[in-house]
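Taking it in order: structure first as structure tokens, then the write-up.
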Amino acid sequence: MTEQREHREGDISSAKEAGGLAALISRAARAGKGAAPVERWNPAFCGDIDMEIKADGTWFYLGTPIGRMPLVQLFSSVLRKDEDGRTYLVTPVEKVGIRIEDAPFVAVEMNVSGKGEDQVMTFRTNVGDVVEAGPDHPLRFVDEDETGGLKPYLLVRGRLDALVARSVMYELAEHGEEVVVDGTPIFAVRSRGAVFPIMPVDRLKRLSA
């Protein structure tokens, strides 16, 4: 576990040294290729399959982890979450339901460029999506009842979110600032001109006390 953590920390450090955003994109296996146009397809529902995406982003089929990343990336490119709240694999001729433990993606790395109104936060997901947080890709922060903390999510596409990994959340928080929303001081982050509230400042002070 220690070796894996050190390896990951080394990867992030290397990304910063190699030029931040450019290095991040170069490691994204599907950067620039985009996802399939699943929103335009309306196939018949063919039932559920025994496939599940765990909270850590690991894909399982028939109870066994899918170890081949190209296969995971292929499946992830045809994911769609519908208005019924369920997530499906969709092709032009079929739609099958799968299970999602938390979110279908995990944001595993971030890069921050610019400052103030010009600041841009860019995230890389575990399956290779590179997403700039902003008006079209908002960040939201959900109370985690079990721990009393927050779980941050980034909208990747459609209704599909990425859970921001805990290590990335700490980095994200370092770029937080105090803003006033409707007369209330709020701890928030900004990207692409949009401000994303995290929590009231008085609550943050209580948690930090």
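The residues listed here are 118, 129; of these, the one that is outside the structural domain of residue 37 (by TED's automatic domain parsing), in contact (Cβ under 8 Å) with a residue 24 or more places away in the chain and farther than 18 Å from residue 198 by Cβ is 129.
Taking the criterion of being within 13 Å of residue 105 (Cβ to Cβ) and of a type outside the set (A, V, I, L, M), the residues of the range 151-171 that qualify are 152, 153, 157, 158, 159, 161. Checking the structure you have, find out if any residue of the range 172-183 is under 15 Å from residue 125 (Cβ atoms), touching a residue at least 60 places away in the same chain (Cβ under 8 Å) and touching a strand residue (DSSP E or B) at 6+ places or on another chain (Cβ under 9 Å). Within the range 172-183, one or more residues are under 15 Å from residue 125 (Cβ atoms), touching a residue at least 60 places away in the same chain (Cβ under 8 Å) and touching a strand residue (DSSP E or B) at 6+ places or on another chain (Cβ under 9 Å). Of all residues in the range 32-63, those that are without any contact (Cβ under 8 Å) to a residue 60 or more places away in the chain and within 18 Å of residue 126 (Cβ to Cβ) total 12. For the range 103-114, taking the residues that are surrounded by fewer than 19 Cβ atoms within 10 Å (Cβ to Cβ) and either of a type in the set (Gly, Ala, Ser) or not assigned by TED's automatic domain parsing to the domain that holds residue 193 (or both), the one that is nearest to the chain's Cα centre (by Cα) is identified as 113.
The values are calculated or read from the model by the stated rules, or taken from the named source; none is laboratory data. All values reported here derive from a predicted model rather than from experimental measurement. Note: ideal-geometry Cβ built from the backbone for every residue, glycine included; neighbour counts use all protein chains shown.
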